[in-house]
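Asker: Just passing along the structure, written as structure tokens.
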Amino acid sequence: MGIEAMEDRHWLGDTAPEEFRKQLHELADWIADFRENIEKLRVAPDDKPGAIRAQLPAQAPEEGEPFKEILSDVDRLIVPGMVHWSHPMFLGYFGWTATAPGILGEIISAPLNVNAMTWRTCPAATELETVVIDWLRKWVGLPDKFGGVVYDTASVGIMHALAVAREEAAPSTRKLGLINRGLPRFRIYTSHEAHSAAEKAAITLGIGEENVVRVSNDNEFRMDVKLLAQSIAHDRQQGFQPMAVVATVGTTSTASVDPVPEIAKICQEEKMWLHVDAAYGGGFAMLPEYKWISKGWEMADSIVINPHKTVFVPLDFSVLYVRDADRLRRVFTLVPEVLRGDTIEGEKNYMDYGIQLGRRFRALKAWVIWRSLGRAGIVSRLREQVRMTNLLASWINADDRFELAAPVSMGVVCFRFVCANENKLDRLNSEIVEQINASGRAYLTQTKLRGRTVMRIGLGNVLTTEEHLRKAWQLIGERADAV
Ligand SMILES: Cc1ncc(COP(=O)(O)O)c(C=O)c1O
């Protein structure tokens, strides 16, 4: 290959501007149509595993293909093969939050395509990140001694928080690692209802998943603080070093809230790190009537909140707050030579706050959606979720075939079909969920509480109205009668 210019230089560049403009208009229509007609789609596909792959070529194309064809394959192959989390009848997990302004925010960030690793590599991305982190901090009432960073997910946030906890429990681990230093076995405590992200963090940090102690819950699925104190005392006697507690505000199955103030007191007395996993519940602290869930947060060392769960930002957007964020920076700051010229002393370089170097401009979509809805718009929408959740609970309470399986919390209702022989109930509850999901008309989740299978509905999608909820309830009733 010589160094002469190729004949058709045009071919090596990007799509011609006029053509690109046409494609964008086409895509804008596609997005608007998708949103407008989403309700006509099945919520979940009825394909068997492998069915979609079988329709896709095993070999990547040798020559480029036209956008029109690609978009038509999205319609033909991809859209029918999806669980539509944005469908108003999607009531699984924690209801999802795709909104028009959120979609616009995502679209704007695509052409910018910057790397928000240091202030210098994109001042606006860095400064906007600081601004939106601070907006959220004020909305949920966290004191300003908490600084934050945006990651993709809460699991990544908790791993970073516990890395700092580990460094403070075993100084110089950053430099020397854990091996051959005569360190004790560290322990992390969390409740039976907490998310498995604690174990994932323990695996990653060399603490070991068996050193995550699952403390039992009280009858409302909150961590039993007495049992926590006993576990810590017992472990100390056995030679373990209690390192951290992960308390949850909005547990994955029932959205229960651990007693953070009491847990914080234990952590202070025992000199342990307190991480609050408010991945789901955190956003609800914006409601005055839910203010109580943020009690004790000021005593935490770190808190994670997922605005992609409850504060209407499209996936992914998770904020880790650390009391004195410099503690986090000290563990992860590392400036490779190639970046030295691009780091300005005194300016925030978000690459210093985690293992990731390259970082998306996630703050932009949060800024767009939060400006579009305003605090009041967010609060009203969360209130509407809570109203509908309580409405559903009232239907369950009024129907002899069902009972609530946990106290109703935030946007989550766990309930159980009880109109049959006890030894068949687990199977029947599971069957109702499976049949509804297979029908493509709605989507629910099942979970286990105290060893029993229950159905679970999580609200959160702004497209889900009372009418949709009524339809889902009717469907549940019909399926229950059928099984
Ligand atoms: C309470 C809680 N914490 C953490 C997570 C993990 O969240 P992510 O998917 O952002 O890692 C979840 C996920 O649903 C959760 O419910």
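Asker: Tell me, what ³J(HN,Hα) does each residue in region 382-396 have, in order and in whole Hz, if you take phi through Karplus 6.51 cos²θ - 1.76 cosθ + 1.60 with θ = phi - 60° and put x for Gly and Pro?
Answerer: 5, 4, 5, 4, 5, 4, 5, 4, 5, 5, 4, 4, 5, 5, 4
Asker: Moving on. Please compute the length gained on full extension between residue 219 and residue 347, using 0.36 nm multiplied by the number of residues separating them and subtracting their Cα-Cα distance.
Answerer: 41.2 nm
Asker: Have a look at region 115-360 and give its Rg and Dmax from the Cα atoms, expressed in angstrom.
Answerer: 17.7, 57
Asker: Add -39500 (n - 2.57) for each DSSP H run of 4 or more in the chain, then divide by its residues: what number comes out at 222 nm, to the nearest 500 deg cm²/dmol?
Answerer: The helix-only estimate for the chain comes to -13000 deg cm²/dmol at 222 nm.
Asker: Towards the positive end of the charge dipole of the chain, with charges on Cβ (+1 Lys, Arg; -1 Asp, Glu), say which of 192, 94, 242 has the farthest Cα.
Answerer: 242
Asker: To the nearest Å, what is the center-to-center distance of region 297-323 and region 447-483, using C-alpha atoms only?
Answerer: Between the Cα centre of region 297-323 and that of region 447-483, the gap is 27 Å.
Asker: Could you work out the relative contact order of the chain, using alpha carbon pairs under 8 angstrom and six or more residues apart, expressed as a whole percent?
Answerer: 21 percent
Asker: Now a separate question. Beta carbons within 10 angstrom, averaged per residue: use that to sort the peptides 348-361, 146-159, 13-26, 226-239, highest first.
Answerer: 146-159, 348-361, 226-239, 13-26
Asker: Then there is this: Order these peptides, 46-59, 470-483, by their mean beta-carbon neighbour count within 10 angstrom, highest first.
Answerer: 470-483, 46-59
Asker: If you don't mind, there's one more thing I want to ask. For a 29 Å ceiling on Cα separation, which of these pairs sit above it: 200/226; 22/309; 448/471; 138/271; 175/291; 200/295?
Answerer: 22/309; 175/291
Asker: For region 349-377 and region 137-193, what is the centre-to-centre distance using only Cα atoms, to the nearest Å?
Answerer: Between the Cα centre of region 349-377 and that of region 137-193, the gap is 21 Å.
Asker: If you rank 192, 275 by fewest surrounding Cβ atoms within 10 Å, what's the result?
Answerer: 192, 275
Asker: Find the all-direction average of the projected area of the Cα convex hull for region 174-301, expressing the result in square nanometres with one decimal place.
Answerer: In nm², the orientation-averaged hull projection of region 174-301 is 8.3.
Asker: Please report, in debye to the nearest 20, how large the charge dipole of region 312-466 is about its Cα centre when each Lys and Arg carries +1 at its beta carbon and each Asp and Glu carries -1 there.
Answerer: 140 debye
Asker: Here's another thing I want to ask about it. For residue 371 and residue 418, calculate 0.36 nm times their separation in residues minus their Cα-Cα distance, and state this gained length in nm to one decimal.
Answerer: Extra length available between residue 371 and residue 418 comes to 12.4 nm.
Asker: Would you pull out the residues with amide H under 5 Å of residue 325's amide H, same chain only if 5 or more places away, H placed 1.01 Å from N?
Answerer: Under 5 Å from the amide H of residue 325 lie the amide H atoms of 147, each far enough along the sequence or on another chain.
Asker: In whole Hz and in residue order, list the ³J(HN,Hα) couplings for region 290-305 that follow from phi through the Karplus curve 6.51 cos²θ - 1.76 cosθ + 1.60, θ = phi - 60°; x for Gly and Pro.
Answerer: 10, 3, 4, 5, 9, 4, x, 4, 5, 8, 6, 8, 8, 9, 10, 10
Asker: Per-residue HN-Hα couplings for region 81-96, Karplus 6.51 cos²θ - 1.76 cosθ + 1.60 at θ = phi - 60°, whole Hz, x for Gly and Pro?
Answerer: x, 10, 8, 8, 5, 8, 5, x, 9, 7, 10, x, 6, 9, x, 8
Asker: Could you work out the Kirkwood radius for the chain, taking every pair of different alpha carbons, averaging 1/r and inverting it, reported in Å?
Answerer: Answer for the chain: a Kirkwood hydrodynamic radius of 24.7 Å.
Asker: Is the shape of region 363-480 best called rounded, prolate or oblate, per the rule: a/c under 1.5 gives rounded, else a/b larger than b/c gives prolate, else oblate, with a ≥ b ≥ c the square roots of the Cα gyration tensor eigenvalues?
Answerer: prolate
Asker: To continue, here is another question. Using the C-alpha gyration tensor of region 292-451, what are the square roots of 5 times its eigenvalues, in whole angstrom, with the largest one first?
Answerer: Computed over region 292-451, the values are 44, 19, 17 Å.
Asker: Follow-up question, since we're still on this one. Cβ neighbours within 10 Å, averaged per peptide: list 252-259, 381-388, 137-144 in order, most packed at the top.
Answerer: So the order, starting with the most tightly packed, is 252-259, 381-388, 137-144.
Asker: Would you please give the residues with an amide H less than 5 Å from that of residue 241, counting only those at least 5 places away or on a separate chain, with H modeled from the backbone geometry?
Answerer: Here 185, 186, 187 satisfy the definition.
Asker: A further question on this structure: Taking the Cα centre as origin and putting +1 on Lys and Arg beta-carbons and -1 on Asp and Glu beta-carbons, what dipole magnitude results for the chain, to the nearest 20 debye?
Answerer: Dipole size: approximately 1560 debye.
Asker: Share of Cα-Cα pairs in region 1-114 beyond 19 Å, in percent?
Answerer: Beyond 19 Å sits 63 percent of the P(r) for region 1-114.
Any read-out appearing in this document is the output of simple, stated calculations on the displayed coordinates, not a laboratory observation. What you see is a predicted model, and the numbers here were worked out from it, not measured in a lab. Note that we place each Cβ from the backbone using ideal geometry, even for glycine, and neighbour counts take in every protein chain shown.
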